[in-house]
Amino acid sequence: MNIKKIFGQRNEIIGGHFNELRSKLGLADQNEEYVFAVREEICNACPLKNGNNCDTQKWINPQTMEVATAPKEGFIRGCGCRLSAKQKSKASLCPAGFWGGEFN
């Protein structure tokens, strides 16, 4: 496994949890909070959302929004992340391409 990728994902996770805490304490930047709220709306409308997680047992075609329970060509698997933290990670991307890159 690629060590650089592992550390990058670790930093995304830590950053997301840190921003989630800042948000709960009322210390978050309002522009950041706006982006995080838009991400949350997008995830809330996604059929892969299962509670506070992105369901790894489902795949979605980002073009058609069709959902499958097995891998198919052109379909993206749910990432399995805890969404309330991932949505607040500036470096994270939705694997289906629905959000991300707003802070680049």
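The values are calculated or read from the model by the stated rules, or taken from the named source; none is laboratory data. As the structure is a computational prediction, the values presented were derived from the model and not from experiment. For neighbour counting, all protein chains shown are included, and Cβ atoms are generated from backbone atoms with ideal geometry for every residue, glycine included.
Descriptive notes on the structure:
- Of the helices (runs of 4 or more DSSP H) contained entirely in the chain, those carrying at least 2 residues that are of a type in the set (D, E, K, R) and at negative phi fall at 3-24, 30-44.
- Of residues in the stretch 13-72 being at pLDDT 95 or above and basic (Lys, Arg), the one farthest from GLY100 (Cα to Cα): LYS72
- Pair list, Cβ under 8 Å, 6 or more apart: the stretch 49-73 residue closer than 14 Å to LEU83 by Cβ and surrounded by 15 or more Cβ atoms within 10 Å (Cβ to Cβ), other residue small (Gly, Ala, Ser) and modelled with pLDDT under 95: ASN53/GLY80; CYS54/GLY80; ASP55/GLY80
- Qualifying residue in the stretch 80-103 (condition: basic (Lys, Arg) and over 18 Å from GLU40 (Cβ atoms)): no
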